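What follows is calculated from the coordinates using simple rules that are stated; it is not laboratory data. Since we're looking at a predicted model, the values are computed, not measured. Note that each Cβ is placed from the backbone with ideal geometry, even for glycine, and that neighbours are counted across all protein chains shown.
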Amino acid sequence: MNAFVAAFWAEALKARRSKITLLTAVGFLLLPFAGGLFMVILKNPAQARAWGLISTKAQLTAGVADWPAFFGMLSLGTAGGGAILFALITAWVFGREFSDHTAKELMALPTPRWVIVAAKFVLTALWILGLTLLIFVVGLGIGTAVDIPGWSAELAATSFWTMLLTALLTFMLMPFVALFASAGRGYLPPLGWAILSLAFAQIASVLGWGDWFPWAVPVQVSGMVKSHADQVGLHSYLLVLGAFFGGVAATMAWWRSADQTR
């Protein structure tokens with residue numbers, strides 16, 4: 001336990017002193033602010049044109065300014081944009097030592113390597129949880145300031161748990177990003193994998209097989225693919241769980257056998 005606490009403290013310290021912590025927070029905060037802007041436009045398109053927020057030629061034929069729509073935007077953003085942002089965080093946590101050429105020193109420490117990997121995964125999970133809570137709280141403030149209708153405590157609670165579930169499922173797909181960051185010894189391979197998996201997730205969702213493709217499950221749970229959302233069942237969650245444990249095991253195995261002199 002002492003080894004894990006020390007490893008986690010070191011990982012947290014690296015994250016706290018890095019600018020990426022602030023950058024990811026600012027990047028994710030664009031989601032509720034963009035949602036609030038859309039609510040303002042949808043509430044009064046004529047006034048939005050007068051303010052120059054949209055073109056005078058713009059035609060708004062869909063969308064309604066209310067809390068269900070606003071929470072839907074936050075949930076969709078967590079599944080879509082969050083997947084890329086979470087992959088960036090995971091790639092940084094697992095790939096920084098390789099880009100900074102300090103991995104050999106890290107691997108030479110007497111701390112068991114599985115402890116180091118576990119600390120990195122725990123930090124990633126807490127980081128993602130913190131960002132999800134941040135945008136939900138900020139979203140509540142923005143929605144209240146914009147004064148959109150349709151509020152209910154039940155809706156807020158349901159939306160909150162949907163966002164948390166979406167973030168959790170997305171995190172459970174991050175071990176493969178960690179694996180590519182480790183084996184690829186840097187940032188580009190994991191980011192390439194993240195983009196590729198998202199592309200295949202979209203294809204699987206369009207074909208109606210998204211519930212059988214783990215990387216498409218968070219998107220469907222969020223409600224982004226409403227026509228197939230009812231297909232998500234126990235098998236979908238089990239597939240995500242299998243991908244999580246498979247990715248963790250593969251990452252652990254790579255770190256255990258990696259040569260620190262290379």
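The long axis of helix 234-257 is offset from the longest Cα principal axis of the chain by roughly 30 degrees.
So what is the relative contact order of the chain, in percent, for Cα pairs below 8 Å that sit 6 or more residues apart? If you can, show how the numbers build up before the last one.
Numbers: 310 pairs, mean separation 66.4, N = 262.
Relative contact order here is 25 percent.
Kindly count the pairs of lysines across the chain whose alpha carbons are less than 18 Å apart, treating pairs on different chains or eight or more residues apart as eligible.
On the way: 14/104; 14/120; 19/120; 43/57; 104/120.
Taking the chain as the scope, the lysine pair count is 5.
The label-point distance for residue 100 and residue 257, in a model that sets each label 7 Å from Cα toward Cβ, rounds to 2.8 nm. Based on every Cα atom in region 2-257, Rg and the maximum pairwise Cα distance Dmax equal 20.0, 66 Å. One Cα centroid belongs to region 188-208, the other to region 103-131; the line between them spans 26 Å. Charged neighbours of residue 251, selected by a Cβ distance under 13 Å, balance to +3 (K, R count +1; D, E count -1). Structure remark: mean-square fluctuation, Gaussian network model of the chain, C-alpha springs under 10 Å; the largest value among 174, 107, 163 belongs to 107.
Using DSSP to define loop residues, name the trypsin sites (Lys or Arg not before Pro) in region 57-161 whose beta-carbon has at most 10 other beta-carbon atoms within 10 Å.
On the way: sites: 57, 96, 104, 113, 120; in loops: 57.
Listed in order of number, the matching sites are 57.
Compute the signed sum of charges (Lys and Arg +1, Asp and Glu -1) over the other residues within less than 11 Å, Cβ to Cβ, of residue 181.
Values: positive: 96, 120, 185; negative: 97.
Residues near residue 181 contribute +2 overall.
Farthest towards the positive end of the charge dipole of the chain, among the residues 39, 158, 3, is the Cα of 3, using unit charges on the Cβ of Lys, Arg, Asp and Glu.
In the elastic network of the chain, a GNM with C-alpha springs shorter than 10 Å, the most mobile of 183, 108, 69 is 108. Selection among 149, 21, 137 by position relative to the dipole of the chain gives 21 as farthest towards the positive end (Cβ unit charges, Cα centre). Between the Cα long axis of helix 113-146 and the first principal axis of the chain there is an angle of about 10°, rounded to the nearest 10.
For every helix of n ≥ 4 consecutive DSSP H residues, a contribution of -39,500 (n - 2.57) applies; sum these over the chain, divide by its total residues, and give [θ] at 222 nm rounded to the nearest 500 deg cm²/dmol.
So the helix-based figure for the chain works out to -24500 deg cm²/dmol.
The label point for residue 241 and the one for residue 144, both projected 7 Å from the Cα toward the Cβ, are 3.8 nm apart. When +1 charges are put on Lys and Arg Cβ atoms and -1 charges on Asp and Glu Cβ atoms, the dipole computed for the chain relative to its Cα centre reaches about 640 debye.
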